[in-house]
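Coordinate-derived values only; no laboratory data. Note that this is a predicted model, so its numbers are computed, not measured. With ideal geometry, Cβ positions are generated from the backbone for all residues, glycine too; neighbour counts draw on all protein chains shown.
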Amino acid sequence: MRWRGGRSGGGVEDRRGMSGGAIAAGGGGIAIVVAIAAYFLGIDPNLASGIANQLTGGGATQREGTFGTPGDEEGLFVDKVSANINDVWAAKYGDSYTPPASIVIYEGGTGTACGQGQAAMGPFYCPGDRKVYLDLSFWQQMEQLGAGSAESARAYVLAHEVGHHMQVLSGASQKVQQAQRSLGQEEGNRYSVALELQADCYAGVWAANAPSVSNGEVAFEPGDLEAGLRAANAIGDDTLQRRQGGTIVPEAFTHGSSAQRMEWLKRGFQTGDPAVCDGTFDGL
């Protein structure tokens, strides 16, 4: 994947080297964040609940990190890819698109408006502060999940999380939350799957349009889409359930099957059209 020639300015907030925020009162926010991330990483739901219970408190004290262009290779990758992702969406939507407040890179744990972020939870987007959170050790966890180490797979993860920011801007996330209030768990999970598949599709749309906003300096090269698809396959709900040694339970899916995740990433990439991504909600 080409990215080193891309522009800097992706809104990275570097909290590496800072201790995790102190926990305040109330546990709901933490439970929500843990639940969001549990299936993405294949964390056993009981373990995820245990993490939430141990973190006694909901909101966490938040401290800002250093803003600017990181000096190390991993941080620079996040910065330049994030800048390109923002450029793609700004080109598509103009002033109606506002970037995430920041892309927070941290180590171990950090305070967020959604509760205490933990490395074991993987990357996540917090709508409360409109920030993406990423512990860079996740790249090694991806390899352990079978997603590989390709930079394009890592870029897919970043673009997916910014896709959730897009859903907040469009109101899709709020509509899903409203609909889920009157639905049972199985039906509510279908809406969660639709959101996640739409974010996968948005990631594909970004990759398709990345070269056009960077004069080709940020672009997938031959084999990069396939690497992204391998990552999508590795984090499908059915694959994660199988890895945990359990029965495949489609009714419990919250992110979509491996086949679905690969399909929507590919659709976004092949069309380059974000309107196509609305199709994940067809039939709901």
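Model label points for SER149 and LYS175, set 7 angstrom from Cα along the Cα-to-Cβ axis, are 4.2 nm apart.
From most to least packed by mean Cβ count within 10 Å, the peptides 153-162, 120-129 give 153-162, 120-129.
In this simple spin-label approximation, SER8 and ASP278 carry label points 7 Å from Cα along the Cα→Cβ vector, and these lie 4.0 nm apart.
Taken along the Cα-to-beta-carbon direction at a fixed 7 Å, the label points for GLU221 and ILE248 span 3.5 nm.
You can think of it this way: the chain between GLU73 and GLU187 has 36.8 nm of extra reach, that is 0.36 nm per residue less the Cα-Cα gap.
When a/c is below 1.5 the answer is rounded, else prolate if a/b is larger than b/c, else oblate, so apply that to the stretch 242-284 with a ≥ b ≥ c taken from the square roots of the Cα gyration tensor eigenvalues. List each step's numbers first, then the result.
Working: a/c = 4.62, a/b = 1.95, b/c = 2.37.
It comes out oblate by the Cα gyration axes.
Remark: the stretch 203-208, residue by residue, has Karplus-estimated 3J(HN,Hα) of 4, x, 4, 4, 4, 5 Hz, where x stands for each Gly or Pro and the curve is 6.51 cos²θ - 1.76 cosθ + 1.60 at θ = phi - 60°.
Averaging over all projection directions, the Cα-based convex hull of the stretch 134-271 occupies 8.9 nm² in the image plane.
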